[in-house]
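Please read the structure below before turning to the comments.
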Amino acid sequence: MCNDGQTLNICDLNEDVLEHIFQFLPLRDLDQAVRVCRKFYSTISCYVFAKLSAKLLLTGHQRKSSTNYGTDRNVIDFSYRRRMHLFENWRYGRYRESQLFHHRTIYFSQVILEKRWLYMTHRGQLRCHERVEKDYLLKNRASWTVGREKDPDVSCIVTRRQVLFGGRIDGTCFVHDQSNQCHSRLRLEDDVITSVDFEGDLYVCSTKSSCTSFWRGSVEFGDYRLKLMRRLEEPYQTVKLCPDAGNILAAGKYHDRSKEALRVVDVESGSTTKLDSPSKAIYQLLWKDSSTILTGNFDTTMRMVDIRAACDVAVWTDPYDASVYCLDYDGGYAVLCGMKYNFRVNLYDLRVPKRCVQMYFPSNKFSQYSPVHSVAADSSQLFVVTDHDLRILNFNARGTETKDYTWDLNKWLY
């Protein structure tokens with residue numbers, strides 16, 4: 001009651017006081033309180049739910065890192081409360097599975113996920129599928145393609161702002177600019193190209209057994225031209241230029257007996273530094289930020305390496321001793337790892353060392369032991385490439401079955 005004798009209603013409180021009160025309510029009570037009035041709705045939605053959902057794995061809306069892997073890839077703009085619900089589905093394994101692009105012959109495709117497009121390789125062709133808000137958020141028919149299936153197989157692909165750079169098994173590369181409808185095919189090496197990347201006008205490609213080359217790109221009369229800048233007599237399985245500082249290249253070898261498979265290369269000088277991350281083989285690596293690298297390794301680990309200290313910061317080991325074939329990073333705290341066996345994908349939280357948050361096992365309809373060759377995700381969907389098809393796990397679907405494997409993880413950890 002106020003000093004003048006008037007009764008004070010809870011709706012008369014300002015938003016700061018209401019926010020403080022609502023912070024003590026559990027989610028179930030907040031879901032009820034949000035329906036009371038417009039003031040409760042705006043306060044809970046804009047302040048309480050916003051803070052609770054800010055740092056969630058995969059569905060959080062915190063400020064992303066500046067790397068290419070932290071960009072927004074959501075087709076649907078989810079509300080703060082919906083993001084919390086989606087995180088619960090990720091956490092407890094609630095999803096609906098669909099299968100697309102089945103092929104009987106084993107082939108290792110690669111996928112790249114953007115907000116509007118999904119890029120997927122198949123044999124010698126690169127297909128671009130438009131993403132929409134229905135039909136599993138993906139159109140089955142490709143909107144446009146690059147190359148033909150009869151061309152030499154595409155072994156690697158990377159994209160930046162509608163420019164695609166890919167390598168093939170015959171040593172040729174292609175640069176495709178969709179915005180300017182420009183396509184160029186170049187022969188760079190006489191070996192299988194295992195990895196490519198580019199930042200600005202700097203292009204890099206590595207081969208299976210011979211070398212790693214740096215090129216400067218330019219456009220002449222509507223065609224891309226690459227001029228050789230430097231060649232290193234070291235082949236790598238995976239290479240990635242640092243997006244924040246394009247003069248640093250992270251590189252991982254397919255096999256190194258001395259367990260020094262992770263290297264950092266200075267682009268300007270060509271000098272190579274071996275990092276103290278004891279791995280015999282690195283299948284894929286990503287930049288977390290300008291000083292931290294995430295690696296997927298043959299020795300069943302996912303490692304976070306600081307290049308300033310030149311050593312591991314944290315190590316996550318697979319509970320079932322399977323190698324890590326591929327990685328995807330959400331730009332915040334979540335890392336998805338595609339494993340060697342049983343179509344399995346592991347979800348890790350970078351804030352929680354040594355622990356696996358959840359595992360996802362797509363159905364073994366055509367094969368029982370397929371590795372995950374490529375993985376990509378946004379807040380509501382997980383794209384998994386197997387030997388014979390593309391699996392889509394939709395965490396935004398209703399009436400889904402729970403497939404929770406955390407109980408098994410807890411038994412393994414303790």
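The values are calculated or read from the model by the stated rules, or taken from the named source; none is laboratory data. These numbers were taken from a predicted model, which means no experiment stands behind them. Using ideal geometry, Cβ is built from the backbone for each residue, glycine included, and neighbour counts are taken over all protein chains shown. Calculation scope for accessible area: heavy atoms of the full protein, side chains included, ligands and nucleic acids excluded. Shrake-Rupley method; radii C 1.70, N 1.55, O 1.52, S 1.80 Å.
Does ILE248 meet the test of being on the phi < 0 side of the Ramachandran plot, modelled with pLDDT under 95 and of a type in the set (A, V, I, L, M, F, W, C)? Answer is yes for this residue. The residues of the stretch 389-402 that are at pLDDT 90 or above and either open to solvent by 10 Å² or more (accessible area, probe 1.4 Å) or among the small types (Gly, Ala, Ser) (or both), listed by number, are ASN394, ASN396.
GLU189 falls short of the stated requirement of being open to solvent by 40 Å² or more (accessible area, probe 1.4 Å), of a type in the set (Asp, Glu) and farther than 24 Å from LEU294 by Cβ.
Of the residues making up the stretch 213-236, just one is within 22 Å of CYS311 (Cβ to Cβ) and buried (at least 21 other Cβ atoms within 10 Å of the Cβ), namely TYR236.
Of all the criteria given as (1) open to solvent by 80 Å² or more (accessible area, probe 1.4 Å); (2) within 23 Å of GLY399 (Cα to Cα); (3) more than 20 Å from the chain's Cα centre (by Cα), the one not satisfied by ASP77 is (3).
For GLN284, the conditions (1) touching a Ser or Thr at 6+ places or on another chain (Cβ under 9 Å); (2) at positive phi are fulfilled apart from (2). One residue stands out among those in the stretch 221-235 that are touching a residue at least 40 places away in the same chain (Cβ under 8 Å) and not in a strand (DSSP E or B): the one that is nearest to VAL158 (Cα to Cα), which is PRO235. Only a single criterion out of (1) touching a Phe, Trp or Tyr at 6+ places or on another chain (Cβ under 8 Å); (2) surrounded by 18 or more Cβ atoms within 10 Å (Cβ to Cβ) is not satisfied by ILE307, namely (1).
Considering only residues that are within 21 Å of ASN394 (Cβ to Cβ), charged (D, E, K, R) and open to solvent by less than 40 Å² (accessible area, probe 1.4 Å), which ones fall in the stretch 116-160? Within the stretch 116-160, just ARG131 meets the criteria. For the stretch 166-215, filtered to residues that are more than 30 Å from ARG116 (Cβ to Cβ) and part of a strand (DSSP E or B), the residue that is farthest from the chain's Cα centre (by Cα) is ARG187. Taken together, LEU25, LEU58, LEU18 contain a single residue that is modelled with pLDDT of 75 or more and surrounded by 13 or more Cβ atoms within 10 Å (Cβ to Cβ), which is LEU58.
Residues are listed down the side, and each one gets a yes or a no for (1) assigned to a loop (DSSP other than H, G, I, E, B); (2) in contact with a helix residue (DSSP H, G or I) (Cβ under 9 Å, 6 or more places away or on another chain); (3) touching a residue at least 60 places away in the same chain (Cβ under 8 Å); (4) closer than 28 Å to HIS61 by Cα:
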{"site": "VAL219", "(1), (2), (3), (4)": "no, no, no, no"}
{"site": "LEU249", "(1), (2), (3), (4)": "no, no, no, no"}
{"site": "TYR254", "(1), (2), (3), (4)": "yes, no, yes, no"}
{"site": "SER269", "(1), (2), (3), (4)": "yes, no, no, no"}
{"site": "TYR283", "(1), (2), (3), (4)": "no, no, no, no"}
{"site": "LEU286", "(1), (2), (3), (4)": "no, yes, yes, yes"}
{"site": "MET302", "(1), (2), (3), (4)": "no, no, no, yes"}
{"site": "GLY331", "(1), (2), (3), (4)": "yes, yes, yes, yes"}
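Does THR172 fit the bill of being within 22 Å of GLY270 (Cα to Cα), among the β-branched types (Val, Ile, Thr) and at pLDDT 85 or above? So THR172 fails the test. ILE248 passes all but one of (1) open to solvent by less than 30 Å² (accessible area, probe 1.4 Å); (2) closer than 20 Å to SER213 by Cβ; (3) over 19 Å from the mean Cα position of the chain (by Cα); which number fails? So the condition that ILE248 fails would be (1). Checking each residue in the stretch 333-356 for being within 17 Å of ASP378 (Cβ to Cβ) and open to solvent by 10 Å² or more (accessible area, probe 1.4 Å) picks out only TYR333.
With TYR333, TYR283, TYR348, TYR329 as the choices, which residue is aromatic (Phe, Trp, Tyr), within 15 Å of the chain's Cα centre (by Cα) and closer than 23 Å to PRO235 by Cα? Unique residue meeting the criteria: TYR283. If you go through the stretch 310-332 and keep only what is among the aliphatic types (A, V, I, L, M) and surrounded by fewer than 19 Cβ atoms within 10 Å (Cβ to Cβ), you end up with ALA310, VAL313, ALA314, VAL315, ALA322. Checked against (1) open to solvent by less than 10 Å² (accessible area, probe 1.4 Å); (2) polar (S, T, N, Q); (3) more than 19 Å from PRO243 (Cβ to Cβ), THR295 meets all criteria but (3). In the stretch 142-159, the condition of being in contact with a helix residue (DSSP H, G or I) (Cβ under 9 Å, 6 or more places away or on another chain), modelled with pLDDT of 85 or more and not in a loop (DSSP other than H, G, I, E, B) is met by at least one residue.
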